[in-house]
Structures are given as structure tokens and as C-alpha cells.
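The structure appears right after this line, and notes come after that.
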């Protein structure tokens, strides 16, 4: 690739501190399968970060694998999960959840991809009298969503309470949790997550690591058998140290959040420029994903220098594109993009 | 761990050349999901190594995940796989294959864990008249086996021919293929594998990489949908470069095989010393796994300084232990162990 | 139940001729698992009816089981099925298809529940550029649909051709095929089904039998392993004679279609009366399912004497109800209902 | 078939009382899906028979389907079942349990196919230190076994206690429970089953019905979601009356047990004759399945007049055959067989 890419948040390797830690530890013999000293230390660091000493913490390499492992751990064969139509497990995982035997029922949502309490009310109201209604057992949401939106603490609390009332668990896909928790307007902390969410993960692949998602299990009843299910789904690294080392580095000195702040800041600069230029957005976002609507000829022009996805045709003349920043996005690239936007 | 460990071949990180390559490439923006330049190069290098320009090559992070992805790609819902009772998919993967819906039928084998043509004959002879006989569709073997044994070219050829006669595919788990192909007495090459085996993988996690198994699909009919199944099983790294870079390093200048030779050489030194001391082995092995039978008090003594698994009780006084060497095993540690064995 | 029920088409037992045949054959010893003389005869009778001597014919007891067995026989693990949002496999089978590992992608359709060529075009057009697009492998439709609508021969032909162009198979759920093929306006025959549809079933449970659905496999490539998959899904009756005897009776002297004609005729009498009374329908139907929209107080009044489902609230004052007739519906009950409708 | 068949216990239709009940009830409109008055009555009759008013009772058509529905209802994705090597779910169901995602671990047993406490001890002792040991969650046994053996009350009690100690449930496949509970030497009652066994079924297909197995859930914790799982597995008959009517007839006036006594008595006459003639048995049986060992030429001679399976080659000259009687076996056929045995 010759152009600067704003296609995704996994175009680069990892933060240099991680590489240094890999070098420093390389020839130390460690136990396998997550029992290495780094993973054990990272578990404690994440428990501290979540503010609950008893939560279960498990490291997995890949997001889709994490989603399918978590969901199949929780559900019995006849139980199912509710997700937004735009949810990652719905359209981007090639049927991974269904392959473990579970139906994913989709709710239409507002364009931002957030599931609101009213969406759940509508679903349950429509179903309640139907003789063949299977009760859902799990609500899957993402923070931030696939469209860059974040949940407020009040929204999370409302979902959490409603789920528990309906005998459902609340699961938050946190592939982009770093970006959400450091976004302008966010009032949710990791500690809030530990209080309100039954099971969630802290994504690192898109936040400075080479690979790695850390599952946090707040509801102890969900921990039985979890490790065995990870093994069964092929989610346990022999060299678990690779995950432990990365999370130690990311949660030492707050690096995880600092990197996300940078990504969000870079996105903010871009969105300000786009807004100033008079363009609108498919949906508002304070995180590292932007969905501006541009005339098709402007899109074509930008494509000459930058890589990004066209997300959706809006009408014959305009489309929404997706621009993504990350921990490694250089400010000079952003400035260059802004300058090119201004010239559109 | 304070002791030197001979417990497994994944106690250390990775070969330093890999870390250097990660550093060198770290901030280059690359495509995701295996379309990075390193992965594309590694595919070509492996095709060269296998000697067939048209084989499919796919990189996955973890062995269990590789096994379940390969097997579920090949089989239709009512088809099943045959494996040795000691096969990795039978006892060490927590039901991973069954979780994809497929029965694993186990054959008893000799103690070395190899499936021989006679084992297959016996199985088919016993079944042939039964009205409920489901035809197996896949034979799973490991080279080397879980007990360190290797297949000869003649044995592989015989299995391959028999499988095709019986409308079965032959799949070789190559988690320890490096050790097998460099073992004393081995007459199989990667090129032979490409000719005789329908689908196999070249394991790197146990051969110098941090993570990584490279699936080689010799039978083109097995490639349709494989990438989609990988995605579904959560086996596609966003930062596929992590796998590509490692395989490029390992297959540049023959490093992959050089590292395995070292591991085998270290094992040979140990086995010679054990033999010289008059001890026997549960099964012969020229690879990096040894299964000597020692008096229990000797085992206890060795445990004071070395970490290893007790594999099996032989009688009231003796047990078989498992000693494993790897690319990172230091000759001085081996010499120390030998010296302690001599003093037993 | 004291009232006459128009709730469904499975409230009664079976046509008396079937009971007589069960009595006549009761103590004859027959082979098990579908190899009895009645099943073998019924296979031949259905091949004749379909007009292709080589089609595969398999008898199963239950519709949901038939759907899951057929679909899991055809698809590989990473393949999926397309269905209408109102399809039986979507909302009425408790996740049966997903439990076999396959995603069901739903298309919105017109209110009649039919999938039209334009629906498929829209779906494929929207997906074609997406990097994570999994190709569907199977189109599932029902004739008649869950809303009583039937496909014309031209529509079936268009779907069939488009499916084959897109490398998909066409599967028709024929739980209510008898009603469809005998409906006013129908121009499709069983022979057309055999020509245009790759796999379908001829439903008998809702057409005069106690239990039974006969799968017809027109595309021979779909027959390999089908019997084994039936066995695996628990769909093979030990006393397969129970299915064979019923299909022999139903396809002797055209009874299957005569019974459906009666059901349709009874429905027609009711719909004429409703129309005459000035009420409208949620969707038009010439089959045995009617969906009239009535004022809620009229519905309440009818409920005093008749059992039926309220299908959907239309507005604060009106709802659509579902009235179903069947082979056993007595004309006097229909006349009484009509008289009560006239009095509304 | 021109010969008399001793091949299985499902060669005939059903007891005439059932056919009469089908006729008598045929045109009564009933609720679907097991809510008909007959099924509701049969539930109460079976609760009485088991002696516990609160047990769950569910009717399913087919044994394999019953096994897969029960097992998949109980287990979470990573849990597995233990069965005898000769268990029906191991060799006769085409991988039905694995298709629901669960491993079946087999125990070698004595030739009679019974799992004894010592078999479980051996299994757990061998596994307890293994780091990858998955705890089993369910013990599957059959009464009578596939080889006609029955469990004593003491044996069932011991298994039950051990299972509960090990956090396992005990599941009894009762496809041939009628024959077991009426066998000479049996001391187990249906009431004992309700006390000792967590979940079991009362098989009717092999005991006088056309189809039908009645699952009894003694452990209330296993009942949640069971009905939904039945629906998902395609195990719910639209015309559930077909099952309800049959169980009402079979449990009215003790018919179920009377029919089994007849089958056992016929088997006893045959086994006495075989024993008297000096032949031995592969395993002793007081139920309706016999496994005599006969010279191959005698087997050939009997095959001229009778249908039965050759079960196993014993040596070059002798084989074990399987002879099965049932509720419909005529005493004159048995007498003829005996007379032919005497002439061997």
C-alpha cells in the first residue's frame, strides 16, 4: 500500500513497548496455556482496573472466536441471543454464532447501531402471546457500536436491569471498548462495566496489541466450564505469554487508554474539518470511526491518496464513507487528509 | 519456574529473527485478514517448499482451531473422522471436533500411536456388513504422533492409497511436522506430503514461532469455502501479518528445519544417555519427544531439578515420563540433565 | 374443546381409509426402517406422481424435522439458507436450522410471504461488494406460504433459474403443498415440482394423514448421504410401515388431492361470505388459510363459538384473524360459521 | 417376508386396542402439539405409574430423536456423556449425539453391555490427574441393554449415588424398559426408576405401540427448556394425540407390562430349548433378546425358515445370533422354531 490508509484500526503492528517486552522475556521458560507469570499478572491488573477482585479474566486471540466462545458458554442448546441488525456477530462473522447452534435474533435499531430499551420493549411486546416464543437468554451489544456510537452509563444500567428482569444476561463486545471509554461525552468506566455488565471483553487487537481480547466475567455463575469451552473452541494459546505480556504492557501506566485517546483525537480533528466544510454524517461519532456523507466525486478524489471503505450509497450523488483512526495514526497523515478535505 | 523445563515445546517465546522482523515491519500499514504482503509472500514460499504451485495455503494461530476448522470444512453433517485412540483430537481438545457436529471414531493402535494399514483393514472388515455403518470420510493422523513416532514414505503412501480407495481424505496434523521431517530415519519430504496427503499443516508454534500453523491443501476440491469456514470458526487474525512474518522468517534460509534438527539432536543426546544407563523406553522415538521408563525414585530425584510430565504408570515401581526438547533447548541444560541421569 | 375449531389443519386424526389400511396390515411382519413393502410401494407411487422414475423419495414423520434434515444434508458448515421473514423455519421452529449450525438469512417480502425474483435481486445487489459476503447455498420457500399464498409456475421457474445461476439449490417446504396444488388459480403440478425444484416435500400431516412428509429429491447430487443424515437426525421410524401405508392410501385414487380440494372449497365458502359482508383480508388466499380483518368486537363474538387465532393487530379497532379449514372440516360447521358471520 | 422373523421387536404394527382407540377418537377435534386431552391424560397416568405427581412427562416419536433431545437438553456445549461401547448412541445412531455437539466417551464393559460401578471407578481413576480432563456430566445406560441384560435395583442405586457424587446426571434409555421390568430376576419398578434415575424414557415402539417414547424427568432442574428443545429438534408431533392415545391404552389395565411379559415368556421358551440342546449363549438374558452361539451350519439351516441377525463371529465354526421376540410373537411360531432347534 502506497497510500495512507484509514480503512481500519489493525493496519499496523503493535505499540513498541509490547515488542520490547516480548524481546525482554523471550527466552524465559514459562508455563503454557495461560498459566505463565505474565498472564497471571495481567489477570490481576485487569481485576484492579475493573475494581472487582473476584471477576474471571480470560485471554483470547481473536474477536470472532471470543464472541462465539462466550455465547456458546452461556447458552443451552435451545437458547438464543438478541443483537442489533448491524451487530458484528450478525453480518461480519460468517455465521459463527449459528455454527455453535444458536439463533441470533436481530432487532432493527436507529442508524447508530445502539440497542435502546424501547427496542427491547418492542420486541418483547410483539412476542409475548405467541405460543412458539423462545425466550432469549442473552443480549449482545457493542461499545462502541459498529457505527462508532457509545452507550451512556444510564443506558447501560437500563439495559442491564431490563435484561435481568427478563432472565437474560448482558454481554458487551468490547473490540473497540478503549475508544468508547475515552470518547468525548463518555461517562462509563471499566468499573461501571464490571458492575452493570455480566460478561464483556476488553479489546486489544484494535487498541495497540498484535492480538488479544480479555474476557471479563462479572457474573460468577457464567464462569463454570468457561476455560474448558475456550479449549474446545481452539481459543487457548499454547504460548499464552503472548497475550499476557501484551495486556501487562497495555495496562501498565494506562497505555491502553492513552492510545485510544490519541485515536479519538485524530478522528475528532478529521470530523471537525469535515463538519466545517459543510458535510454531514450518517451518524454522529466521538470515537475512532467516522461516517461522513460526501459527494461521490469527492470520494473518488480522496481515494487517489487515501484508503478507506465506502460504507453505503445515500443517493445517486452521495455516499457515506468510513474513516478509521487508531493508536498508530500519525498526526501528519491526518493533517494532510484535512488539508485535502478542505480543498474538496 | 526455577528449574529447567522439559515439559513441552512451547515454554519459550520465538526465534529472535522473528522478533527482529516484527520490529522492522511494525509501522508499515498492511491489509488485514491475511492479505498483507508478508502473508502473500509466505504463501508463495510454502508453495515452493511443497513443490506445487497450486496448493492452497492458509495460516491459523492455534492447533486445536486448525484441526476443527479443517475437519468441519471437509465433512458433511453425517460424515465422520477416524483417528488413533491417542490422537490429539481424541483426548486433548476437549471435544472440539464433536462440537462441530462430527463423530470421531477411534482405532486402537500400537503404543507408538501410528495408524497402520492393518488397523484400517481391521476396522473396515469388522464394519462392512453392519446395516448402520456410516462410511468414514477422513483419516486423521499426526506426524510425528503424540508419542514421537514418525511415518515412513511407504506407510504414508499406503494410507493415502487406501483412503482414496475407500473414498476418504487423508489429513495430517503437523503440529510437530518439523521434528518428524528432520528425524533420524525419516524419508519423507514436504514435497512428498504435497503428493500423498490431501490436507495437512505445517506447525510453527512448536517449531520456533510465537503462534502459527500453515494449512496446505493439496486436493483442490477441499479448498472451496475454506476461507469462509476459517472466518466462521474465528481463525482469521485481523493482523494476519503476525502469521505471515513468522512463516517468512522460518522458511527463509531453512530456519524451520534447522531449529527442528537442533531439538532432535538434543533429544538424541538425552536418549543415548538413558539407553546407556540401561533404561528402556515406552516407545522408540527419534523426534523431540522421549518416553523413558524409570524407577519412581529416580523420577522423584529428577523432579527436584527438572520439570516434565509423568506419562503413565508402568507398574508399582516404574513409570514412563515424557521429556521434550525444542528449538530453544540449551545444550548446557541437556548436558546437566545427562549428567544427572548418569548419577541415578 | 366444545367449539368447532378453525385453528389449524391438524385437529383431527386421519382419513378413515388410512385407519382401515392400518388394521388390514397390522399383524403382517415387515422389515423396519422404511424397507417395508408399503414404503417401497409408496416410493414408486410418488415417483409416478412426480413423473420422474429416478427421484429419491424419503418419508419422515414431522415437518420441522424434515426441514432441518434436508437443510443440514445439503449445506456444508459455512453455507447458509435464505428464507422469507415469515418462513416457517424462521419463526416457528425454535431455531431448529441454526441448531444444525447454519445461519438463516431472512428477506423481507410482501405480506403474502412469497419470495419474488426482485427480492433475491435486491439481496444480491446489496451484498455483492462486501468483503465478508458468504454466498448462500439454498433458497427455502413454502408453497403455499404461511399466509396461504401460492407460487405460479412462472414464478417457480424464475426462482429455479436464478438459484441455479447463483449456485443455490431451491427447496420447497410442502407442508401445505396439497392445498397449493389444488387451489383456484394454481398452474403448478407435482410434475412441474419435479422439474423445477431441487428438493421438496409432499406434506401429509396437514392433508389427511396422522403423520408424514415425503421428501422428493429431484437433483440426484443431493441424495448422497441423505438416508444416513435422516438416521442421525432421528427421523427414521422403526415401523416405517406407518408412513408407507399412509402415502399408499393417499396416492391411491387421488385421495391426497381430493381431500385438499375439499379443504380449499370450504375455505372459499367462508371467504366469499366474509367478502360479501364487506370485510377485507390481510392478504388474498385461495388455499385453506384465510386472514380476514375484522373489528375486534366481531372477533370476540366469533370466539364464543369458534376457536381460531388472532394473527395480528391492524389498528386499535381491527385485527386480522386466521381461519383454517382441512380435509375433515364439516360443511355444516362451515355453514354455521357463515351464518354467524352474516349476522355480525 | 415369507418366513417368520425373529429379527427385531418392531416387525408388526401395534396392539389392536390402540387401533380401536384411534378409530374411536378419530374425528374429535383436539389441540395440537401435545395439548390434546389424550396426551394430558397419559401424562397423569404415567405420573401415577412412576409414583411421583410432579415428574415431567413428554412424548416423542422415535428413540434416536429422544436420545439426542434429552442429551442436548441437559449438556452445555463443553459437557459430554459417558456410555458403554455397546450403547445404542455409540454404534446405532449415526453420530446423532455428536451432531448436537457433544462427545460420547465410551467405556469398555463386560459382554452384557452393563456399566458397573467398577467401570466408572476405573474411568475416573485413570483421568483424575490429567490437566485436560473434561468432567463428564451425564451417564447413559440402557435397561435392558443392547445385549438383553437388566440392572438390579442395587446396581441402579449405586450408579445413581456415584453419578450424583461426581456431579453427573443418570439417564436411562428405556427403549426396552418394558422387557427389563418384567424379566425374571428383575427387582426394579417404575417407581424405583422415578426415585433413582434423573431422566429416563418408557419405550413403547418396541412394546406394542406404532411409535412413541415417553420421557420422564424426575429431576425438576432438567425440565426447564425441555419442551423448547423438543420443538427445536423436530420432536413435537402436530397431532400429538397419536402418542397420547397409545400411552393411554398401554397404561390402562397394565397392558404395557402384560405385552412385555408375553415377549419375555416366548424368549424363555426358546432359550430353554437352546440350553437343553446343549448350546451356550454369548451372554445370559431373561429379556426378549437372546444371543445363542450356534454352529454355522445350524445357523444356515435356521435361516431357511426364520429371519434373524448373525450378531458376531465367535470362531471359524460358530457364531452368535440374535433372536428377538415381542408382544406380537405367536406361540405357534415359537413352538415351530423350538421344534426346528431340537432337530438341529
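Structure values in brief
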quantity	calculated
So residue D:160, is it surrounded by fewer than 23 Cβ atoms within 10 Å (Cβ to Cβ), touching a strand residue (DSSP E or B) at 6+ places or on another chain (Cβ under 6 Å) and not in a strand (DSSP E or B)	yes
Subset of segment B:222-248 [closer than 28 Å to residue B:180 by Cα, out of contact with any strand residue (DSSP E or B) (no Cβ under 9 Å at 6 or more places or on another chain) and more than 8 Å from every other protein chain (Cβ to nearest Cβ)]	B:245, B:248
Within segment A:148-171, tally of residues that are out of contact with any helix residue (DSSP H, G or I) (no Cβ under 7 Å at 6 or more places or on another chain) and either outside the structural domain of residue A:220 (by TED's automatic domain parsing) or within 18 Å of residue A:67 (Cα to Cα) (or both)	1
Candidates D:91, D:51, D:56, D:87 - the one that is under 22 Å from residue C:230 (Cβ atoms) and away from chain C (no Cβ under 14 Å)	D:87
Any hit, segment B:28-40, residues being assigned to a strand (DSSP E or B), surrounded by fewer than 19 Cβ atoms within 10 Å (Cβ to Cβ) and free of Cβ contacts under 8 Å to residues at least 60 places away in the same chain	no
Yes/no for residue C:75 being without any contact (Cβ under 8 Å) to a residue 24 or more places away in the chain and either at the interface with another protein chain (Cβ under 9 Å from one of its Cβ atoms) or surrounded by 24 or more Cβ atoms within 10 Å (Cβ to Cβ) (or both)	no
Test: residue B:243 is more than 30 Å from residue B:321 (Cβ to Cβ) and either over 20 Å from the mean Cα position of the chain (by Cα) or without any contact (Cβ under 8 Å) to a residue 40 or more places away in the chain (or both)	no
Filter result (touching a strand residue (DSSP E or B) at 6+ places or on another chain (Cβ under 9 Å) and either over 16 Å from residue C:96 (Cα atoms) or surrounded by fewer than 24 Cβ atoms within 10 Å (Cβ to Cβ) (or both)) within segment D:61-70	D:61, D:62, D:63, D:67
Lone unmet requirement of (1) within 19 Å of residue D:140 (Cα to Cα); (2) part of a helix (DSSP H, G or I); (3) touching a residue at least 24 places away in the same chain (Cβ under 8 Å) for residue D:221	(3)
Unique match (being over 22 Å from residue D:243 (Cα atoms), in the same structural domain as residue D:247 (by TED's automatic domain parsing) and in contact with a helix residue (DSSP H, G or I) (Cβ under 8 Å, 6 or more places away or on another chain)) among D:45, D:134	D:134
Yes/no for residue D:293 being assigned to a helix (DSSP H, G or I) and touching a strand residue (DSSP E or B) at 6+ places or on another chain (Cβ under 8 Å)	no
Residue among A:183, A:178 that is away from every other protein chain (no Cβ under 12 Å) and over 24 Å from residue A:22 (Cβ atoms)	A:183
Verdict on residue B:200 being without any contact (Cβ under 8 Å) to a residue 60 or more places away in the chain and in contact with a strand residue (DSSP E or B) (Cβ under 8 Å, 6 or more places away or on another chain)	yes
Matching entry among D:29, D:65 (being within 13 Å of chain C (Cβ to nearest Cβ) and under 21 Å from residue D:173 (Cα atoms))	D:65
Qualifying positions in segment C:1-24 - at the interface with chain D (Cβ under 9 Å from one of its Cβ atoms) and farther than 20 Å from residue C:244 by Cβ	C:1, C:3, C:4, C:5, C:7, C:8, C:9, C:10, C:11, C:12
Lone unmet requirement of (1) at pLDDT below 95; (2) crowded, with 16+ Cβ neighbours inside 10 Å for residue D:310	(2)
Subset tally (residues that are buried (at least 23 other Cβ atoms within 10 Å of the Cβ) and at pLDDT below 95) for segment A:177-231	0
Residues of segment C:313-329 that turn out to be surrounded by 14 or more Cβ atoms within 10 Å (Cβ to Cβ), under 26 Å from the mean Cα position of the chain (by Cα) and part of a strand (DSSP E or B), as a count	6
Index of the failed condition, residue C:96 passing every other in (1) surrounded by fewer than 24 Cβ atoms within 10 Å (Cβ to Cβ); (2) facing another protein chain (nearest Cβ under 10 Å)	(1)
Filter result for residue C:332 (over 23 Å from residue C:111 (Cβ atoms), within 14 Å of another protein chain (Cβ to nearest Cβ) and assigned to a helix (DSSP H, G or I))	yes
Check on residue B:210, assigned to a helix (DSSP H, G or I) and in the same structural domain as residue B:26 (by TED's automatic domain parsing)	no
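Each row is one residue, and each column tells you yes or no for (1) within 11 Å of chain D (Cβ to nearest Cβ); (2) modelled with pLDDT of 95 or more; (3) farther than 30 Å from residue D:309 by Cα; (4) not in a loop (DSSP other than H, G, I, E, B).
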site	(1), (2), (3), (4)
B:125	yes, no, no, yes
B:133	yes, no, no, no
B:147	no, yes, yes, no
B:154	no, yes, yes, yes
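Each row is one residue, and each column tells you yes or no for (1) over 14 Å from the mean Cα position of the chain (by Cα); (2) assigned to a loop (DSSP other than H, G, I, E, B).
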position: C:54; (1), (2): yes, yes
position: C:59; (1), (2): yes, no
position: C:66; (1), (2): no, no
position: C:78; (1), (2): yes, yes
position: C:82; (1), (2): yes, no
position: C:86; (1), (2): no, yes
position: C:105; (1), (2): yes, no
position: C:111; (1), (2): yes, yes
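The values are calculated or read from the model by the stated rules, or taken from the named source; none is laboratory data. This structure is a prediction, so every number in the text was calculated from the model and none was measured. Every residue, glycine among them, receives a Cβ derived from its backbone with ideal geometry; neighbour counts consider all protein chains shown.
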